[in-house]
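Notes to accompany the following structure.
The values are calculated or read from the model by the stated rules, or taken from the named source; none is laboratory data. Because the structure is a prediction, the values reported are computed rather than measured. Here the Cβ positions follow ideal geometry from the backbone for every residue, glycine too, while neighbour counts run over all protein chains shown. Keep in mind that these areas ignore ligands, DNA and RNA; they rest on the heavy atoms of the full protein, side chains included. Shrake-Rupley method; radii C 1.70, N 1.55, O 1.52, S 1.80 Å.
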Amino acid sequence: MSHTTEYAETAPPSDGGAAPAASGRPRGTPPPPTSWRSRLYRWDTKASPYAFIAPFFLFFGAFGLFPLIYTGWSSLHNVQLANLDSQTWVGLDNYANLIRSDFFWTALENTFAIGVISTVPQLLMAIGIAHLLNYKLRGSTFWRVTMLAPYATSVAAATLVFTLLYSWDGGAINWLLHFAGIDPVNWRESIWGSKFAVSSIVIWRWTGYNALIYLAAMQAVPADLYESAAIDGASRWEQFRHVTVPMLRPTILFTVVVSTIGATQLFGEPLLFGGNSGSKGGADHQFQTLGLYMYDQGWVIGNLGKASAIAWAMFLILLVIAAINMLVARRLRKD
C-alpha cells in the first residue's frame, strides 16, 4: 500500500498536461530580471559602431556638407564681401552672368589645357618609373623615398624654385635655351609658355606620388603571369604591354580621375607663379584657372555670390567627371 501511494505521488498528472522540466524554469513563469551589466553589454554592442563613426559625420557635416549647402544658397544671392549681412535674392542671375562672361570660358579653357598638359605626361612617366622600380634594384627603398620627396615639398617652396628657373632675366631655363641657340621665352607672359610652366610644377610634384601607386598595384600582380609570358618568349616590353597594363586598368582609371579632379581645382601653383597678377592668371588671364577665377571674384573683387556660383559650377564639372568614371569602370568590368 505504501508503494502504491508513493507511485501515485510521483506519477505524472492524468489530465494530459506536460510535466515541468527537471531543470530550468517552468512554463508560464516570467524570465528572471537581467542584470544592469547584461543590458549595458547589449547596448554597447549595438551603439558602439555608431559612436565610432559619429566623429566623421560630425566633421563632414560641419566642414563639408554645411559649406556646400551654404555656398549653393549664396550663389542665388547678391553677396558682397564688404557687406555680408545684406543679401539680395537674385535667383539664377549669377549663373547667367557666369555663362555670358568671357573670363569664365577662358578660365575653363585654361583649366582644361593645363590639366591635359600636366596629367598625360605625368601619368605616363609615373607608370614607366613604377615599372623600373618593380624590378629588383640596389637601394630600392632610397629610390622610392626619392620619388615621394617632391610630393612632401610645400607648394610655395616648389613654385618659388620653378619661378626662378623660368625667370625672364637670368633663369636657368632661358640660359639653357640660349646655350642651345634658341631665343629666350617670357614664360610668365607667353600664352602657352605660362601653361607649360605651371604644368611642369604639377608634373614635378605628383609624378612620384602616382608612381608609388602604380608600383603598389604592380606588386599585386601574380608572378605566375610574368613567368608564363616569359616561357612563351615575351620580352619585358611585351610583358609590360600585355600583362602589366591590362592588370593596372582600374588603378590607371583611378589616377586619371584623381588627377583630373586635382587639375580642376588647381590653385596654388598658378597663383604663386603669377606674382602680383597671380589671381588674374597673368596680364591677359592666359593661365587663370577656375580656382583662380573664383578667388579673384570672391576675395579680390568681393563678389561672393558670383564666386559661389563658380564653386558650384566646378562641383557640377566634378560630378560629370565622376559619372564618366562610373561608365568607364562599368565598361572595364564587362571587358
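Roughly how tilted is helix 36-60, in degrees to the nearest 10 and between 0 and 90, from the longest Cα axis of the chain? Approximately 10 degrees, to the nearest ten. Straight-line cross-link reach from K195 at under 30 Å between alpha-carbon atoms covers these lysines, not counting any fewer than eight positions away in the same chain: K280, K306. Between helix 191-219 and the chain, what is the angle of the helix's C-alpha long axis to the longest principal axis, kept within 0 to 90° and rounded to the nearest 10? Computed tilt is about 30 degrees.
For A62 and E109, a Förster radius of 22 Å and the Cβ-Cβ distance give a FRET efficiency of 0.05, rounded to the nearest 0.05. Carbon-plus-sulfur accessible fraction, the chain (probe radius 1.4 Å, protein heavy atoms only): 67%. What the phi angles of the range 222-232 give under the Karplus curve with 6.51, -1.76 and 1.60, with θ = phi - 60°, is a coupling list of x, 5, 4, 5, 5, 5, 5, 5, 5, 5, 6 Hz, glycine and proline written as x. Each part gets one Cα centre, and for the range 284-335 versus the range 31-96 those centres are 23 Å apart.
The label point for Y70 and the one for E189, both projected 7 Å from the Cα toward the Cβ, are 4.3 nm apart.
Look at where the Cα atoms of the range 164-239 and of the range 241-265 average out, and the two centres are 16 Å apart. Report which label in [x] 361; [y] 148; [z] 171 holds the value of volume of the Cα convex hull per residue in Å³ derived from the coordinates of this structure. Only one listed value fits the structure, namely [x].
Against the chain, whose longest principal axis comes from its Cα atoms, helix 140-152 is set at around 70 degrees.
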